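*Asks:* Provided herewith is a single structure, encoded as structure tokens, for subsequent inquiry.
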Amino acid sequence: MTEWLEIHRGDAPLIVSLPHTGTDIPAQIEPCLRSPWLARKDTDWWVHRLYDMASGLGATTVRTSLSRTVIDVNRDPSGASLYPGQTTTGLCPLTTFDGEPLYRPGREPGGAAVAERQRRWFEPYHAALRAEVQRTREKYARVVLYDAHSIRSRVPRLFDGELPNLNIGTYRGASCDPELTRRIEAACTDPRFSRVTDGRFVGGWTTRHYGDPLHGVHAVQMEIACRGYVCEPAAADAGNWPPPYDPNCAQPLRALLERVLRACIEFAGSGGIPP
């Protein structure tokens, strides 16, 4: 564990990655930004609190406290787009999801700055994930890597209309066994929450990079629409975003997510031990 990288090890065959819940911005970067609020606007707000039951289930969690504006550890380090032809943000985002510039004119990170951020923060994050996957695979024939996210329900620049409450990403079936997908879908069945599998979001770089079901690593992304656990305003501004975390509002979704994590553990555990 470092001042920005939090790892809590468990004994279950489940690793929960929390790449976008951080809000920290290093002192040398903050003066380059137009607004601290804009820099934190696209945070996956309160997701680490939604999943704080994970450690009690025996899962391992890996979380960065850094803002995704500093470095997005769920993007392809080569800079290639995860969604060619669709709007998205990069390894070191220059705009918010709504297209607002993040940096003061002329203060955007260049190639050397991006490479330095990648070395200091992206690579250690993924070294930690790889180490936890390897450690867990030594005990279990299957391991589930669960990448936890949230996003505002309406972001017109990224998608039309209102996003379903629960967005399961399996890289169109390539990152995990279909049986795991079925179990997660069953755990998500609740009339209060809509869901889709491999809709607008099919999984980011983590899901695509680590998912290797033929070799026992099953990766899945869960993107949650914020209205499922906070009182989400119609439009986000500096006066209303982020909404406060309300445990009572979040409880129905937390209960569902606990079922999802248990389904992941049960699936992985049913694979037995490595030969």
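Every number here is computed from the coordinates shown, using simple stated rules; none is lab data. Quick caveat, the model's predicted, so the values are computed rather than measured. Positions of Cβ are backbone-derived with ideal geometry, glycine not excepted, and every protein chain shown enters the neighbour counts.
*Asks:* What percent does the relative contact order of the chain come to when contacts are Cα pairs within less than 8 Å and at least six residues apart? Walk me through the numbers before you get to the answer.
*Replies:* Details: 536 pairs, mean separation 61.8, N = 275.
With pairs under 8 Å counted, the relative contact order is 22 percent.
*Asks:* Counting only the backbone N, which residues of the range 204-241 are under 20 Å from the spot 7 Å out from the Cα of ASN248 toward its beta-carbon?
*Replies:* The answer is 227-233.
*Asks:* For MET222, MET53, what's the fewest-to-most ordering of other Cβ within 10 Å of each Cβ? Let's see the in-between values first.
*Replies:* Details: MET222 25, MET53 15.
Ranking MET222, MET53 by Cβ neighbours within 10 Å, fewest first, gives MET53, MET222.
*Asks:* Along the Cα→Cβ direction, 7 angstrom out, place labels at ALA174 and ALA112. What is the inter-label distance in nm?
*Replies:* My value for the distance between the label points is 3.6 nm.
*Asks:* Separate question: Each label point is 7 Å from the Cα along the Cα-to-Cβ direction; what then is the distance between the points at LEU57 and ARG120, in nm?
*Replies:* Once both label points are built, they end up 3.5 nm from each other.
*Asks:* On to the next question. If I fit a long axis through the Cα atoms of helix 178-187 and take the longest principal axis of the Cα atoms of the chain, what angle between them do I get, 0 to 90°, rounded to 10?
*Replies:* 80
*Asks:* I'd like the orientation of helix 247-269 relative to the chain: the angle between its Cα long axis and the longest Cα principal axis, in ° from 0 to 90, rounded to 10.
*Replies:* It is inclined by approximately 50 degrees.
*Asks:* R0 = 22 Å: FRET efficiency of GLU100 with GLU162, Cβ-based, nearest 0.05?
*Replies:* Working: r = 21 Å, r/R0 = 0.96.
Rounded to the nearest 0.05, the efficiency is 0.55.
*Asks:* For a Förster distance of 35 Å, can you work out the FRET efficiency between the beta-carbons of ARG135 and ALA186, rounded to the nearest 0.05?
*Replies:* Values: r = 29 Å, r/R0 = 0.82.
Once rounded, the FRET efficiency stands at 0.75.
*Asks:* Moving to a separate point now. Roughly how many nanometres apart are two label points built 7 Å out from the Cα toward the Cβ at ALA27 and SER194?
*Replies:* Here the answer is 4.7 nm between the modelled labels.
*Asks:* What does DSSP give for the range 5-269 in terms of the percent of beta bridges that are antiparallel, rounded to the nearest 5?
*Replies:* Working: 12 of 33 bridges.
In the range 5-269, DSSP labels about 35 percent of beta bridges as antiparallel.
*Asks:* So, one more: Kindly put PHE122, PHE193 in sequence by how many other C-beta atoms sit within 10 Å of each C-beta, fewest to most. Numbers along the way, then the final one.
*Replies:* Numbers: PHE122 24, PHE193 16.
With the fewest neighbours first, PHE122, PHE193 line up as PHE193, PHE122.
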